[in-house]
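Written out below as structure tokens is the structure these notes cover.
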Amino acid sequence: MTYKELFDKALEASEKSYSPYSHFPVGAALLTESGKVFCGCNVENRSFGATRCAEQTAIQKAVSEGEKEFAAIAIATPKSDYPVGPCGVCRQIISEFADEKMPVIYGCSWENHIESDVETLYPSDSLHELGSN
């Protein structure tokens, strides 16, 4: 699967967003090492802390289906004017499962996107050694 195809799936997922408070739909498409794609959208709540980001939704769907090895993630924010990367919490959650070189593609459109990786977005992962025991 190409990064563009993955990004297109993230754009499609953003159309399912439940974002009545921010009016900022986000979609994510997560490619696993086995070739499966899990999509998610942001799901807001009046209690903002209960809101789930698109990346979290996609990762939770994958893990709940037994997939824990990820190859790439694409994040689409079609109502923004510029590429919006994952929030800090999502960077932490992505790093829990992803190799530091895993591609992270994000943007408001394919014409205005960034191709990065986990290490660039979340350098010096100080919590990573907790899982090495």
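The values are calculated or read from the model by the stated rules, or taken from the named source; none is laboratory data. In this text the structure is predicted, and so the values were computed from the model without any measurement. Neighbour counts run over all protein chains shown; Cβ positions are idealised from the backbone, glycine included.
Being among the acidic types (Asp, Glu), at pLDDT below 95, surrounded by fewer than 17 Cβ atoms within 10 Å (Cβ to Cβ) and over 14 Å from LEU6 (Cβ atoms) holds for only one residue in GLU69, GLU119, and it is GLU119.
Sort out which residues of region 1-36 are aromatic (Phe, Trp, Tyr) and either buried (at least 17 other Cβ atoms within 10 Å of the Cβ) or more than 18 Å from ALA74 (Cβ to Cβ) (or both), and write them in order of number. If the condition is that a residue be aromatic (Phe, Trp, Tyr) and either buried (at least 17 other Cβ atoms within 10 Å of the Cβ) or more than 18 Å from ALA74 (Cβ to Cβ) (or both), then PHE7, TYR18, TYR21 are the ones that fit.
What residue, of CYS108, CYS87, CYS39, CYS53, is closer than 24 Å to SER124 by Cα and surrounded by 14 or more Cβ atoms within 10 Å (Cβ to Cβ)? Answer to the selection: CYS53.
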